[in-house]
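The structure appears below as structure tokens.
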Amino acid sequence: NLYSVAFAGYARATIEVGPAYLAPPEVWTHDPATERPPTLGAAEMYAERLMFHGPQFQGVTEVHALGDMHVRGIVTAPVPPGALLDNALQLIGNWLITTQPFRTVALPVGLGRVRFFGPPPPAGRAFVCVARVRSIDDGKLVADTQLSYQGRVWAQIEGAVDRRFDSHPQARVAERFPERYPMSHFQPEGWTMAFDCWTDLVTRGMAARGILGGAAYAEYERHPAKTRKQWMLGRIAAKDAVRSRLWEQGHTDIYPIELTVGNDPDGRPWVRGRPGRGLDDCDVSLAHCAEIGVAIARLRPAGSPAATPGVGIDVAEITDHPDSTFGFALTDGEAALLASLAGGDAATRRLWFTRFWAAKEAVGKAEGTGLDGKPRRFQVREATDSVLTVEVAGRAYRVGHREVDNPEDLPTRRYVVAWTWGPEPDPATPPGVSRP
Ligand SMILES: CC(C)(COP(=O)(O)OP(=O)(O)OC[C@H]1O[C@@H](n2cnc3c(N)ncnc32)[C@H](O)[C@@H]1OP(=O)(O)O)[C@@H](O)C(=O)NCCC(=O)NCCS
């Protein structure tokens, strides 16, 4: 009486049915001397979102004890069908999180065998649940689990396989409480930067789904693998830049998926809040390069359209460029200014050229046109260690600039970030110091 069952493209199993339930095996027991009290209680596990399950799937109701290779507790059958099986595996998650120092994101990928020794239980039945870890390495954890009721085994899971993944320590709090914590680093001048912090495609995909939301996730998947991550870093930085303005206004919980990032036909980005949330609109600009995404957002007066010109930001890696690039990018006046700033030192010249270029790009974005292949239209007129003045089409922009480095766990890279809040005289604030 064997049946093959398939959820096409997702899962398959072999099901064996019989005329009656089999006699249950012995209930597993453990010598209390080999156990210690749990460090993470059942309620805390969900409240602290160390398990991401929502209320309907929160079936672990007590954690009794931890052993070197086992964990015991109570699992209370929830109402949704199938949730009980998930809950039995959640207890293994508790063991993993509390006993292992890293790779604590676990996703179930297979079950060796599940045997039932009685009919499906009513919701609310409290089962004693014991999970025994059979083997564990960096890649996966294999465990067996028993669910018993009144001293009799009701179900036994053998060979439940969890694949283990890593999550970046810095991203963890934002992964657990995305409505309150940014994935990006807020900068004192008011812009945001986000770095690549995913060690594998699975955790990056989870972040992409959670931060981007369904529609943008589909767009993410349509991007070539090479540009996908940068595209996402730009969106993370932009959503956080907007959330930072809204949090400053006094809003509290705002999930990243409540904000939608899109591009006008000319490429210029926009961010909109979920209708009905009463979130003000912002003018935004974003940029991405290698392992970094940066963004800037400025609140817009209620009901007014996107400002043109508006805000602009760019990030550029400090690298060498062929001489032809200097000729293409700079006017004679800018070349002279660059020479006066850099002298004969190649490294200083490289740095200043990158600053010039990033400032032009930032202004191109503020103008809503981009450089459009005509970088010499955007002219750097003055330069200090914190501000460049760029002119275009009769408008002058004060552009703040600063260097940032990749964090230590990424390839060594140094970037220039350049940003502007808009043309002078409005806003007439020093870009390196404050924001309108
Ligand atoms: C497209 C352009 C805005 C910047 O592109 P880039 O430097 O390759 O990429 P960045 O990461 O700095 O910026 C890209 C972001 O700019 C934004 N952007 C695109 N077009 C824009 C426009 N017209 N106005 C404002 N912002 C724009 C988008 O948000 C885009 O990111 P997204 O597509 O993920 O949303 C622009 O400067 C341009 O015209 N580039 C051509 C560059 C050029 O002249 N090259 C010569 C070779 S040396």
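The values are calculated or read from the model by the stated rules, or taken from the named source; none is laboratory data. What you are looking at is a predicted structure, and each value in this text was computed from that prediction instead of being measured. Virtual Cβ from ideal backbone geometry, glycine too; neighbours counted across all protein chains shown. Surface accessibility is based on the protein's heavy atoms, side chains included, excluding ligands, DNA and RNA. Shrake-Rupley method; radii C 1.70, N 1.55, O 1.52, S 1.80 Å.
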- Message: Please count how many residues of the stretch 336-359 are open to solvent by 40 Å² or more (accessible area, probe 1.4 Å) and either touching a helix residue (DSSP H, G or I) at 6+ places or on another chain (Cβ under 7 Å) or not assigned by TED's automatic domain parsing to the domain that holds Leu286 (or both).
- Response: 4
- Got a sec? Which of Met232, Met193 is part of a strand (DSSP E or B), within 16 Å of the ligand (Cβ to nearest atom), open to solvent by less than 50 Å² (accessible area, probe 1.4 Å) and assigned by TED's automatic domain parsing to the domain that holds Arg298? Met193
- Task: Looking for whichever is within 29 Å of Glu291 (Cα to Cα) and touching a residue at least 12 places away in the same chain (Cβ under 8 Å) here; the options are Leu388, Leu371, Leu337. Which one fits?
- Result: Leu388
- Task: Starting from residues that are of a type in the set (D, E, K, R) and crowded, with 18+ Cβ neighbours inside 10 Å, keep the ones in the stretch 301-335 and report whichever is nearest to the ligand (Cβ to nearest atom).
- Result: Asp314
- Item | Criterion violated by Gly373 - all others in (1) near the ligand (Cβ under 8 Å from one of its atoms); (2) over 17 Å from Thr308 (Cα atoms); (3) open to solvent by less than 20 Å² (accessible area, probe 1.4 Å) satisfied | (3)
- Query: Within the stretch 29-50, is even one residue without any contact (Cβ under 8 Å) to a residue 60 or more places away in the chain, in contact with a Leu (Cβ under 8 Å, 6 or more places away or on another chain), open to solvent by less than 40 Å² (accessible area, probe 1.4 Å) and over 21 Å from Gly124 (Cβ atoms)?
  - Reply: yes
- Task: Hey, can you tell me all the residues within the stretch 291-300 that are out of contact with any Asp or Glu (no Cβ under 6 Å at 6 or more places or on another chain) and either among the hydrophobic types (A, V, I, L, M, F, W, C) or surrounded by fewer than 16 Cβ atoms within 10 Å (Cβ to Cβ) (or both)?
- Result: Ile292, Val294, Ala295, Ile296, Ala297
- Meets criteria (within 16 Å of the ligand (Cβ to nearest atom) and in contact (Cβ under 8 Å) with a residue 60 or more places away in the chain) for Ala295: yes
- Message: Show me the helices (runs of 4 or more DSSP H) entirely contained within the stretch 321-436 in which 1 or more residues are of a type in the set (Val, Ile, Thr).
- Response: 323-329, 346-367
- In the stretch 148-163, how many are among the β-branched types (Val, Ile, Thr), touching a residue at least 60 places away in the same chain (Cβ under 8 Å) and under 19 Å from Leu96 (Cα atoms)? 1
- Trp247 being surrounded by 22 or more Cβ atoms within 10 Å (Cβ to Cβ) and of a type outside the set (Lys, Arg): no
- Pairs under 6 Å by beta carbon, first residue within 20 Å of Glu361 (Cα to Cα) in the stretch 247-270, partner assigned to a loop (DSSP other than H, G, I, E, B), six or more apart or different chains? Arg268/Gly368
- Query: What pairs come up if the first residue lies in the stretch 234-246 and is more than 15 Å from Ala287 (Cβ to Cβ), the second is more than 10 Å from the ligand (Cβ to nearest atom) and aromatic (Phe, Trp, Tyr), and their beta carbons are under 7 Å apart, counting only those six or more places apart or on different chains?
  - Reply: Ser244/Phe186
- Just checking, which of Arg277, Arg272 is open to solvent by 50 Å² or more (accessible area, probe 1.4 Å), in contact with a Ser or Thr (Cβ under 6 Å, 6 or more places away or on another chain) and not aromatic (Phe, Trp, Tyr)? Arg272
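For (1) assigned by TED's automatic domain parsing to the domain that holds Asp138; (2) in contact with a Leu (Cβ under 9 Å, 6 or more places away or on another chain); (3) buried (at least 19 other Cβ atoms within 10 Å of the Cβ), each residue gets a yes or a no:
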position	(1), (2), (3)
Ala155	yes, yes, yes
Glu158	yes, yes, no
Ala174	no, no, yes
Gln187	no, no, no
- Item | Within the stretch 255-269, considering residues that are within 9 Å of the ligand (Cβ to nearest atom) and not in a loop (DSSP other than H, G, I, E, B), the one most open to solvent (accessible area, probe 1.4 Å) | Asn263
- Item | Among the candidates Thr199, Thr145, residue that is of a type in the set (Ser, Thr, Tyr), in contact (Cβ under 8 Å) with a residue 12 or more places away in the chain and open to solvent by 10 Å² or more (accessible area, probe 1.4 Å) | Thr199
